[in-house]
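Chemist: The structure's right below; bear with me while I get my questions together.
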Amino acid sequence: MKESYFPQEIEKKWQKIWEDNKAFHTPDNSDKPKYYALSMFPYPSGKLHMGHVRNYTITDVIARFKKMQGYNVLHPIGWDSFGLPAENAAMQHGADPAKWTDENIAYMTKQLKMLGLSYDWEREVTTCKPDYYKWTQWLFIQLFKKGLAYKKEAAVNWCEHCGTVLANEQVIDGKCWRCDNVVEKRYLSQWFFKITDYAERLLEDLDKLKGWGDNVKTMQANWIGKSKGAIFRFKVKEIEGLEVPVYTTRPDTVHGITYLVVAPEYKDIEKLTTAENKQAVEEYRANARKMSEIERLSTERIKTGVPLGTHCINPFTGEEFPLWTADYALVEYGTGAVMAVPAHDTRDFDFAKKYNLPIKVVIQNPENPSDCKDAAYTEEGILVNSNEFNGMKNTEAKEAITQKAVNEGFGEFKTQYRLRDWLISRQRYWGAPIPVVYCDKCGIVPEKEENLPVMLPTDVDFSVVGKSPITTSKTFEETTCPICGGKAKREMDTMDTFVCSSWYYLRYSDPKNTNLPFSKELVDNWLPVDQYVGGIEHAILHLLYSRFFTKALKDLGLLSFDEPFKNLLTQGMVLKDGSKMSKSKGNTVDPDEIFENYGADTARLFILSDSPPARDFDWSDAGVEGCYKFLNRVWRLVSDNQNNITKDYNLVFPLTRENDDLVRTVHMAIKGITNDIANDFQFNTVISKYRELTNAIYDWRGKKSDFSAEDKNVLSFAIISLIKLMAPVTVHMSEEIWHDLGYRSSIHSEKWCEWDDNLAKASKITLVVQVNGKVKDKIEADEGVNDEELKAIALSSEKIKELTAGKEIVKMIVVPKKLVNIVIK
RNA sequence: GCCCUUGUGGCGGAAUCGGUAGACGCGUUGGACUUAAAAUCCAAUCGGGGUUCUCCCUCGGUGCCAGUUCAAGUCUGGCCAAGGGCACCA
């Protein structure tokens, strides 16, 4: 064994051996129970960043730990390789997106291997390869046949910078999630997945996800946005047979309506506008169209609107009230029309104040009645001015009033969701083509399954501006109809990359299947994912889409489970000097440099050491240095003592006192480390326990001048246990030391260390003696003493005698083997 | 406005059940080794006060204010702050 630690040499050597031996290949058939550990797969952007390093290290340690615990572990990796950056590179540098992507994958693969990750490379999946996107297209067709994929004309989010539409989930604060440019509304015919059909199940099943954090679950619940209320239909006074339906969560306030608002884009708005009001309404609508989404949705903005000139009748009161249009009503939500009750809604109140509309109070707090002249009353209360409902609690009136509307035929109970259907078509080249053709005779027709994949054309011109490069292909658009065989045109849009990433974790179970995206047997065998690890930024997007896909594929009979990810760990960001690492701030740390200077084991150890995985992690050069020093310290511990370490050690009890203590310390470390990993993967405390154990062995060693046979056995036990406990983290160093100690097989196939509960505790206890809850003394006692003996020991302490002299002892509380509290008066 | 998460030394963070607050590390300070440096090792390190001063005693302390309890970082109620999510969603 070398005297000094040379990580670069060791790491290269073992990486090659593991690769040559296919050490991390996972068989489908095994007697062992399965465990599926998964990191969110990367976009091949070019180089790994520290966020990747953290993500993959966490999952790798979990995978290796579970393997040592006796599981058949599936730990795959792949590439989310469709998407705009490849296409932008093509446009800027004239590169071929496929080639650009391949080169990035090659480089990043090299980096992943340098990190010593235990991937089964035979299961690698790349979403931009035809053998993968064939099945993305096939799944699209299955969804289409089920009515879950459909095309419609709709107001959609358009990003001018990216030249494509976006899903609602990809618009953050009115801006594009990728380029941060302001998104505008356009009316376009686009492909959607009917995720709204699954709104209730997606919401309800969140309760099943015990292994997910509440933050992610509430984000999803908010996004789905379920609310319960009522639909009321109001007859229009001036137009026979025309009704305006509204959705409200406050049916209890229906007697307080003083006007009604429809969105500027409301479908019947032209019919509802009188000739005198037409010009003003048209102007208002034109203005609303021009406004950006951000401006329009700003809650800061003063509300505006114009009257339409027509009126509705409130069937509960017979009162007439005017119709207005105002852009605070949203066409996409509810019915696009709102009943306005200014007395009990702050938005309606502001609007009524501005336009001098009447305010009618119908809910009151009997203790402290308000006339609602200065502000809306939005709390609970008792109904007034509400005919037969007067005196009823408003919470009860909600149901009673809706029931009346149901009975009389002008309303119903209604549950409403905010979730909209998922817009999946993109006007871009580098994505999976939507496998659909347009035939003049047969209409919209899916491509025949045996013709899949619909290949991306390669004869395209990336220099075009203002349209998708795919439209420049001379071969792509013209095709024949799969039904009638006549001339037909292909769909020119490709799919959102989030479609590709919504099922990749299923493909890993059966990555080479050429007949199906995966066999039902294998997917049911491996899934659900036991531990998924990734960034919080996917809390809604990817995780919601994947849950939807799983449920839809279950309904299609392709698999048998309805949630894909049993446990989810959302790791925190990697920061430097308190802020997120980014190129623009110039505070990035290049993983390559760390590997080169310190080795992957140091990088792995450090990125796990300072913070629990879910929290943000502050990268510091001093911290890396500290971890490197620790590894050197461990190395020296072994190399300085190698003559006294034997792999065939044999502990014979009883041991001498000091040796007994060290053996107990090792057992405590095994127990503590195992429990810390089981308890939400607290790797930071795991690593502190590596250090404690190392310190304990050094202390023990410092007291020895020569070694007895027993000493050698105990030292061997301690050091070999330490190396094994560290193996999931410092994968190369542990393997090297293991072999230096004479073992032939890989440490990573070893069984995880076990502890004996009788030994995983100190032989002596420190009895804490409190008087009235304050610590007054600490006394060493034997581990086996009972409660009565502890009381006696406590009372025999000189200090305690002094403090209790002349006082009455009211009672004594004993915490077994720990503490005695003496209560005195 | 609503929802979620988090508040502990100079810093990152420990502390299964309510039972010794500050593990482990970083930083800092002092020391050993060395011609010197690097590396390594040893020691100290929450604050106030006291003292017979390398020992030791005492009071306070986990965002704030109350409460429950023999005992609260931990439980309950009410606040405050930071981060994140949603938001003219009727």
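The values are calculated or read from the model by the stated rules, or taken from the named source; none is laboratory data. The structure presented is a predicted model; accordingly, all values stated were derived computationally and were not measured. Methodologically, a virtual Cβ is constructed for each residue, glycine included, from the backbone with ideal geometry; neighbour enumeration extends over all protein chains shown. With ligands, DNA and RNA removed, areas are computed over all heavy atoms of the protein, side chains included. Shrake-Rupley method; radii C 1.70, N 1.55, O 1.52, S 1.80 Å.
Chemist: Going by what's in this entry, would A:GLU735 be described as among the charged types (D, E, K, R), farther than 21 Å from A:ASN643 by Cβ and touching a helix residue (DSSP H, G or I) at 6+ places or on another chain (Cβ under 6 Å)? Write out each step before concluding.
Modeler: On the way: among the charged types (D, E, K, R): yes; farther than 21 Å from A:ASN643 by Cβ: yes; touching a helix residue (DSSP H, G or I) at 6+ places or on another chain (Cβ under 6 Å): yes.
In short, yes.
Chemist: If you take the residues of segment A:801-825 that are of a type in the set (Val, Ile, Thr), within 11 Å of RNA strand B (Cβ to nearest atom) and more than 49 Å from the chain's Cα centre (by Cα), which of them is least open to solvent (accessible area, probe 1.4 Å)?
Modeler: Narrowing segment A:801-825 to residues of a type in the set (Val, Ile, Thr): A:804, A:809-810, A:813-815, A:820, A:822-824.
Now drop any that are not within 11 Å of RNA strand B (Cβ to nearest atom), which leaves A:810, A:813-815, A:820, A:822-824.
Filter once more, keeping what is more than 49 Å from the chain's Cα centre (by Cα): A:810, A:822-824.
Details: A:VAL810: 76, A:ILE822: 0, A:VAL823: 39, A:ILE824: 27 Å².
Step by step, filter segment A:801-825, then rank; the result is A:ILE822.
Chemist: All but one of (1) over 29 Å from A:GLN92 (Cβ atoms); (2) open to solvent by 10 Å² or more (accessible area, probe 1.4 Å); (3) away from RNA strand B (no atom under 12 Å from the Cβ); (4) touching a strand residue (DSSP E or B) at 6+ places or on another chain (Cβ under 7 Å) hold for A:PHE193; which doesn't?
Modeler: (2)
Chemist: While we're on this one: Being aliphatic (A, V, I, L, M), modelled with pLDDT under 90, within 16 Å of RNA strand B (Cβ to nearest atom) and open to solvent by less than 50 Å² (accessible area, probe 1.4 Å) is the requirement here; does A:VAL183 meet it? Walk me through it before giving the result.
Modeler: On the way: aliphatic (A, V, I, L, M): yes; modelled with pLDDT under 90: yes; within 16 Å of RNA strand B (Cβ to nearest atom): yes; open to solvent by less than 50 Å² (accessible area, probe 1.4 Å): yes.
Yes: the conditions hold for A:VAL183.
Chemist: Same structure again: Tell me, which residue of segment A:389-427 that is farther than 22 Å from A:THR378 by Cα, in contact (Cβ under 8 Å) with a residue 60 or more places away in the chain and polar (S, T, N, Q) is surrounded by the most Cβ atoms within 10 Å (Cβ to Cβ)?
Modeler: A:SER425
Chemist: Also, I was wondering about something else. For residues in segment A:143-172 being in a helix (DSSP H, G or I) and open to solvent by less than 30 Å² (accessible area, probe 1.4 Å), which is modelled with the highest pLDDT?
Modeler: Going through segment A:143-172, the residues in a helix (DSSP H, G or I) turn out to be A:143-145, A:168-170.
Then drop every residue that is not open to solvent by less than 30 Å² (accessible area, probe 1.4 Å), which leaves A:143, A:169-170.
Working: A:LEU143: 97, A:GLU169: 82, A:GLN170: 85.
Filtering segment A:143-172 for residues that are in a helix (DSSP H, G or I) and open to solvent by less than 30 Å² (accessible area, probe 1.4 Å), the one modelled with the highest pLDDT comes out as A:LEU143.
Chemist: Continuing with the same structure: Looking only at segment A:186-226, which residues are touching a Phe, Trp or Tyr at 6+ places or on another chain (Cβ under 7 Å) and part of a strand (DSSP E or B)? Don't jump to the end; show me each part of the working.
Modeler: Kept after step one, since they are touching a Phe, Trp or Tyr at 6+ places or on another chain (Cβ under 7 Å), are these residues of segment A:186-226: A:186, A:192-196, A:198-199, A:202, A:224-226.
Within segment A:186-226, A:ARG186, A:PHE192, A:PHE193 qualify.
Chemist: Taking the conditions exactly as written (closer than 30 Å to A:ASN641 by Cα, in contact with a Gly (Cβ under 8 Å, 6 or more places away or on another chain), of a type outside the set (A, V, I, L, M) and open to solvent by 30 Å² or more (accessible area, probe 1.4 Å)), does A:LYS761 satisfy them or not?
Modeler: Details: closer than 30 Å to A:ASN641 by Cα: yes; in contact with a Gly (Cβ under 8 Å, 6 or more places away or on another chain): no; of a type outside the set (A, V, I, L, M): yes; open to solvent by 30 Å² or more (accessible area, probe 1.4 Å): yes.
The answer is no for A:LYS761.
Chemist: Here is a further query. Taking the condition of being in contact with an Asp or Glu (Cβ under 7 Å, 6 or more places away or on another chain) and either within 13 Å of RNA strand B (Cβ to nearest atom) or within 12 Å of A:PRO816 (Cα to Cα) (or both), how many residues in segment A:763-791 meet it?
Modeler: Going through segment A:763-791 one residue at a time, the tally reaches 4.
Chemist: Mind listing whichever residues of segment A:198-225 are near RNA strand B (Cβ under 9 Å from one of its atoms) and of a type outside the set (Asp, Glu)?
Modeler: If we filter segment A:198-225 for residues that are near RNA strand B (Cβ under 9 Å from one of its atoms), which is where we start, we get A:213-223, A:225.
A:GLY213, A:ASN215, A:VAL216, A:LYS217, A:THR218, A:MET219, A:GLN220, A:ALA221, A:ASN222, A:TRP223, A:GLY225 - these are the residues of segment A:198-225 that are near RNA strand B (Cβ under 9 Å from one of its atoms) and of a type outside the set (Asp, Glu).
Chemist: OK, next. Looking at segment A:14-27, I want the residues that are over 11 Å from A:HIS75 (Cα atoms) and have a partner that is open to solvent by less than 40 Å² (accessible area, probe 1.4 Å) and assigned to a loop (DSSP other than H, G, I, E, B) with Cβ atoms under 7 Å, at least 6 apart or on another chain. Which pairs are those?
Modeler: Note: pairs meeting the criteria are A:GLN15/A:GLY116; A:TRP18/A:PHE24; A:ALA23/A:SER746.
One line per residue, one yes/no per condition, for (1) open to solvent by less than 30 Å² (accessible area, probe 1.4 Å); (2) more than 16 Å from RNA strand B (Cβ to nearest atom); (3) closer than 30 Å to A:VAL61 by Cβ:
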{"site": "A:LEU452", "(1), (2), (3)": "yes, yes, no"}
{"site": "A:GLY466", "(1), (2), (3)": "no, yes, no"}
{"site": "A:THR471", "(1), (2), (3)": "no, yes, no"}
{"site": "A:THR480", "(1), (2), (3)": "no, yes, no"}
{"site": "A:ARG490", "(1), (2), (3)": "no, yes, no"}
{"site": "A:SER502", "(1), (2), (3)": "yes, yes, yes"}
{"site": "A:ASP510", "(1), (2), (3)": "yes, yes, yes"}
{"site": "A:LYS520", "(1), (2), (3)": "no, yes, no"}
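Quick grid of which residues meet (1) at pLDDT below 95; (2) assigned to a loop (DSSP other than H, G, I, E, B); (3) not hydroxyl-bearing (Ser, Thr, Tyr):
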{"residue": "A:LYS414", "(1), (2), (3)": "yes, no, yes"}
{"residue": "A:ARG418", "(1), (2), (3)": "yes, yes, yes"}
{"residue": "A:SER463", "(1), (2), (3)": "yes, yes, no"}
{"residue": "A:LYS467", "(1), (2), (3)": "yes, yes, yes"}
{"residue": "A:ILE483", "(1), (2), (3)": "yes, yes, yes"}
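Chemist: Sticking with this structure for a sec: Being within 11 Å of RNA strand B (Cβ to nearest atom) and either part of a strand (DSSP E or B) or of a type in the set (S, T, N, Q) (or both) is the filter here; which residues of segment A:227-259 pass it? Walk me through how you get there before you give the answer.
Modeler: Residues of segment A:227-259 that are within 11 Å of RNA strand B (Cβ to nearest atom), as a first pass: A:227-232, A:245-254, A:257.
Of everything in segment A:227-259, those that are within 11 Å of RNA strand B (Cβ to nearest atom) and either part of a strand (DSSP E or B) or of a type in the set (S, T, N, Q) (or both) turn out to be A:SER227, A:LYS228, A:GLY229, A:ALA230, A:ILE231, A:PHE232, A:PRO245, A:VAL246, A:TYR247, A:THR248, A:THR249, A:THR253.
Chemist: Take the residues of segment A:662-712 that are more than 24 Å from A:ASN650 (Cα to Cα) and among the basic types (Lys, Arg): which is nearest to RNA strand B (Cβ to nearest atom)?
Modeler: Among those that are more than 24 Å from A:ASN650 (Cα to Cα) and among the basic types (Lys, Arg), it is A:ARG691.
Chemist: Go through segment A:1-37 and count every residue that is closer than 19 Å to A:ARG64 by Cβ, open to solvent by 40 Å² or more (accessible area, probe 1.4 Å) and assigned to a loop (DSSP other than H, G, I, E, B).
Modeler: Residues that pass the stated criteria total 7.
Chemist: State yes or no: is A:ALA794 more than 9 Å from RNA strand B (Cβ to nearest atom) and either in a strand (DSSP E or B) or surrounded by fewer than 17 Cβ atoms within 10 Å (Cβ to Cβ) (or both)? Steps first, answer last, please.
Modeler: Working: more than 9 Å from RNA strand B (Cβ to nearest atom): yes; either in a strand (DSSP E or B) or surrounded by fewer than 17 Cβ atoms within 10 Å (Cβ to Cβ) (or both): no.
Answer is no for this residue.
Chemist: Residue check, A:GLU447 against (1) within 36 Å of the chain's Cα centre (by Cα); (2) within 18 Å of A:ALA149 (Cα to Cα); (3) open to solvent by 30 Å² or more (accessible area, probe 1.4 Å), all met but one. Which one?
Modeler: (3)
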